[in-house]
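Only the coordinates and a few stated rules stand behind these numbers; no lab work does. Note that the structure is a prediction, hence the values are computed from the model and not measured. With ideal geometry, Cβ positions are generated from the backbone for all residues, glycine too; neighbour counts draw on all protein chains shown.
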């Protein structure tokens, strides 16, 4: 396939995975990597990744937690093709199943309460706001143009009672996210804000919510990515498993 790069990424506890992705358009970002690091899984968990793209989160989770099984769902055709190739290239065909269903209709082909964990990195930019991208794939990855936040959270119907939902989202929409989670009976239990630099406002928020759980919330110390421009903090170097 033309216009595709082969990249390698490492994550603590997971080692290295190889990822085929487009040279231009929707490429995986740091958001996916820090969300994969944020996920806490249990032996034998069944995981569904929504909007998997080329599959980097599922690949890393499969490598980090050898006993889990995953379904990686991606509706966009080029990304889905690369997702399938990445699963095969990393030798994970026996543990990751690919699906090419629209998130809005995924429950039509999967039984309810089939999963222990859902992982989602949905588009952050609210419908009708923000700058548009010349790349249709990048536009779809960043903007709520095909599925609103509610559509992603509706898939809690595929989550077992007390199942966990891990999500990363724009920090300036945290109040909206928490309200939407609770409306879907997903109670936020762990929250962590992400800052590009220590003196800047949070840009992202990561939340672990539990289906039909009681009210209590642990707010973790913030994750700061850079100590100076282009220089990772020590925690980010540990996350990336850098020497």
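Overview of values
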item: Highest average packing first - 155-163, 213-221, 80-88, 48-56, Cβ atoms within 10 Å; result: 48-56, 80-88, 155-163, 213-221
item: q = 0.13, 0.14, 0.19 Å⁻¹: log10 I(q)/I(0) that the Debye formula gives for the stretch 1-101, counting C-alpha atoms only; result: -0.38, -0.45, -0.85
item: DSSP beta bridges in the chain [antiparallel fraction, %, rounded to 5]; result: 50
item: Stretchable slack from residue 148 to residue 240, in nm (0.36 nm times residue separation minus alpha-carbon distance); result: 30.0 nm
item: The stretch 1-21 and the stretch 38-95: distance between their alpha carbon centers, rounded to Å; result: 13
item: Overall Cα dimensions of the chain - principal axes, largest extent first, Å; result: 47, 46, 40
item: Computed label-point distance, nm, for sites residue 203 and residue 89 using a 7 Å Cα→Cβ extension; result: 2.6
item: Length-normalised contact order for the stretch 4-239 - Cα pairs under 8 Å, 6+ apart - percent; result: 16
item: Approximate spin-label separation residue 42-residue 219, in nm, with each point projected 7 Å along Cα-to-Cβ; result: 2.8
item: Gaussian network model of the chain, Cα within-10 Å springs - most flexible of 119, 224, 205; result: 224
item: Principal axis dimensions, largest first and in whole angstrom, of the stretch 164-243 by Cα; result: 41, 25, 16
